[in-house]
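Please read the structure below before turning to the comments.
Derivation of every value follows stated rules applied to the coordinates shown; laboratory data play no part. What you see is a predicted model; the values in this text were computed from it and never measured. Cβ: placed from backbone, ideal geometry, glycine included. Neighbour counts: every protein chain shown.
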Amino acid sequence: MNLRADTPDDVAAPPLMSERRVSIIGAMLVALGPVSMALFTPAMPQIVEAFGTTEAAVKMTISLYFAGFAFAQLFCGPLSDGLGRKPVTFAFIGIYVVASFIALMSPNIETLIAARFMQGFGAAVGVAVSRAVVRDLFTQESSARIMNLIGIILAIGPAFAPTLGGLTMQLAGWHAIFVLMLGAGAVIALVIHFCMRETVARDLSRISPSALIQSYGLLLGNAYFMLSSLVIAGAVGALYTQATVLPFILMSRVGLTPAEFGIGMLAQSGMYFTGAVAARFLMKSLGAYRLVPIGLVAIGAGSLLLIFSLTLFDPSFIGVMGPVGVYAFGIAFVMPAMMTAGLAPFPRIAGSASSLTGFLQMGTGLAGGSIAALIGDPVLAMVLIIPTLGTVAIISWLIWNRLPEPALATALRPSPPGPV
């Protein structure tokens, strides 16, 4: 295991699933969470009116979604280590489908908030299991390529989700957005049933309380893992924080309609997609690891541009989404290498490692969104929180880059996959 040296993978038996299949299934699973959030955001101002509630209450539908997503991360990954990736994924997607139906039928804001929490809880399995499956089957540059391809496909869904959500809301009302989510959950359940192969052997000893404590204790005490996870948390957590405030900046302050807001969000997802495609091209010559500092420079530049734009000028579409797009471009360069690096030393507890990374990522978004809600002014929240998270990512990488690369945890070698 030597990601920094960009050495080729060792020759191994053919994996249970091809890189392409793992990438497509992984992208569908990972995209479910962001798409469910992005579909909903154009409807937030209208839901304030529909339920006769406040902006703060509607923002809680996002904050509690993050909370469910982050909380479930601590369970679905370890459960998949012991019970298998496929059954755990199917069960959590089932929770998501039920929650989408409850959201569709919500008679009040309190029920909707609870349903959104359950949606986040169910969707969390996508991040944890997809990354764990990649680690089960691939390492080093192969893993980074898949993480990158997942990122490319992932960018497409959230890119068009706000547009689809805004148009759907204008044509059929906000309830129809949850019909789309219900359908998406059902499609993913079918894909899991027919296309996903099991990649770990069932081993209940991995999910005993003592094993879970040992696994998380090992991860929390490993500086290499924690710092690589904080790089991701600082970078991606900013995107989740922005989801809480951008609707109110762009629609309430700038004056965009829900449909215009949805189209405008293409600036963020489109730049992420562009960055992911560029990273895939450059990865062939530079290797995944050498792209990380390029991405962090873009994140730093986006942070500084955001401060400059929103402190000196009134909010405008270009003044907000320009810096946001630069930041998103940088994330695409950071994610493949840092995800691969963080999971690489822990093959036997890949689900737990992926879950903890996801928890830190979503927990950062939850903290940022909650602080933004407390601040009240969405513009001030953007100026204070987003650059701070970018700084966390940059500083974490600078320290991580000076650490010695850990040896593979030989005591945690993976069990061979069971029958599939």
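Along Cα→Cβ, 7 Å out, is where each label goes; now give me the distance between the ones at residue 171 and residue 374 in nm to one decimal. Between residue 171 and residue 374, the simple spin-label model gives 4.2 nm.
The order of the peptides 116-129, 359-372 by mean Cβ neighbours within 10 Å, most packed first, is 116-129, 359-372. Determine the shape class of the stretch 342-389: with a ≥ b ≥ c the square roots of the Cα gyration tensor eigenvalues, call it rounded for a/c under 1.5, and otherwise prolate if a/b is greater than b/c, oblate otherwise. Because a/c hits 1.5 or more and a/b exceeds b/c, the stretch 342-389 counts as prolate. Each helix, a run of at least 4 DSSP H residues, gives -39500 (n - 2.57); summed and divided by the residues of the chain, these come to -27000 deg cm²/dmol at 222 nm. Peptides 275-284, 63-72, 202-211, 170-179, ordered by how many other C-beta atoms sit within 10 Å of their residues on average, highest first, read 63-72, 275-284, 170-179, 202-211.
The residue list 161, 192, 61 was ranked by how far each Cα lies along the charge dipole of the stretch 19-409 toward its positive end, using unit charges on Cβ atoms, and 192 comes out on top.
Selection among 241, 208, 298 by position relative to the dipole of the stretch 19-409 gives 208 as farthest towards the positive end (Cβ unit charges, Cα centre). The calculated FRET efficiency for the pair residue 204 and residue 21, based on their C-beta separation and a Förster distance of 25 Å, comes to about 0.35.
Here the stretch 19-409 is assigned +1 on the Cβ of each Lys and Arg and -1 on the Cβ of each Asp and Glu. Its dipole about the Cα centre then comes out at about 940 debye.
Taking R0 as 51 Å, what's the FRET efficiency between residue 401 and residue 54 from their Cβ-Cβ distance, rounded to 0.05? Provide the component values of the computation, followed by the final result.
Numbers: r = 45 Å, r/R0 = 0.88.
For residue 401 and residue 54, the calculated efficiency is 0.70.
Can you tell me how the stretch 296-376 classifies by the Cα gyration tensor, rounded, prolate or oblate, using a/c under 1.5 as the rounded cut? Write out the running numbers ahead of the final one.
Details: a/c = 4.15, a/b = 1.83, b/c = 2.27.
In terms of gyration-tensor shape, oblate.
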